[in-house]
């Protein structure tokens, strides 16, 4: 088993074995590999991932669930959900927020399911209505520091579709300045200015371009 957690643009792999993708990182001089499990080792890896000289991390332990549990204890975990939305032309929906092209998503409210959260957030951030959820895609993970806390955001992504012509309305209060549909050629261009986790999600739909 394996899981990828981003520290800014840097991936940390939590895993119980080295697959082909992780092995490529393992041979880089700017990657850190730890294969001895202990609470101090978990702290050490988190510290290393915050160093400018380190660009990737690999934490290898034969009990993946034990490793994940120990790592999760170090963070305040926030769950979120969002959508990779397609229209009838098979175009993909993007939002432009805080200088980056992104996919609509938001935090899970109390009492909501992840599916309900994903549909609500897509509607609120883009103005779309009558959104149909097709299937779950994947979860992505990234960390940040806020109000004195180390946060780990666990974002669950769903494939969605909408029918007919609809007016796109950016949610200004969430710093969204533009919402647009993009065909494949445009998608590849927009991916030059987005987040690694978003590239991971979209890369599943564009063979040969994921991760970007």
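Can you confirm whether residue 189 is in a helix (DSSP H, G or I), over 27 Å from residue 68 (Cβ atoms) and without any contact (Cβ under 8 Å) to a residue 60 or more places away in the chain? Write out each step before concluding.
Working: in a helix (DSSP H, G or I): yes; over 27 Å from residue 68 (Cβ atoms): yes; without any contact (Cβ under 8 Å) to a residue 60 or more places away in the chain: yes.
Considered against the rule, which asks whether it is in a helix (DSSP H, G or I), over 27 Å from residue 68 (Cβ atoms) and without any contact (Cβ under 8 Å) to a residue 60 or more places away in the chain, residue 189 comes out as yes.
Looking at residue 128 and the list (1) touching a strand residue (DSSP E or B) at 6+ places or on another chain (Cβ under 8 Å); (2) farther than 24 Å from residue 9 by Cα; (3) outside any loop (DSSP other than H, G, I, E, B), which single condition is not satisfied?
(3)
Given the structure, is residue 64 over 20 Å from residue 154 (Cβ atoms) and either touching a residue at least 60 places away in the same chain (Cβ under 8 Å) or surrounded by fewer than 19 Cβ atoms within 10 Å (Cβ to Cβ) (or both)? Steps first, please.
Details: over 20 Å from residue 154 (Cβ atoms): no; either touching a residue at least 60 places away in the same chain (Cβ under 8 Å) or surrounded by fewer than 19 Cβ atoms within 10 Å (Cβ to Cβ) (or both): yes.
Judged against the criteria, residue 64 is not a match.
Considering segment 177-198 alone, what residues qualify as being farther than 19 Å from residue 125 by Cβ and either over 17 Å from the mean Cα position of the chain (by Cα) or surrounded by fewer than 16 Cβ atoms within 10 Å (Cβ to Cβ) (or both)?
183, 184, 185, 186, 188, 189, 192, listed by residue number.
Test each condition in (1) modelled with pLDDT of 90 or more; (2) surrounded by fewer than 14 Cβ atoms within 10 Å (Cβ to Cβ) for residue 162 and report the one that comes out false.
If we test residue 162 against (1) modelled with pLDDT of 90 or more; (2) surrounded by fewer than 14 Cβ atoms within 10 Å (Cβ to Cβ), just (2) comes out false.
The values are calculated or read from the model by the stated rules, or taken from the named source; none is laboratory data. If you're wondering where the values come from, they're calculated on a predicted model, not measured in any experiment. Note: ideal-geometry Cβ built from the backbone for every residue, glycine included; neighbour counts use all protein chains shown.
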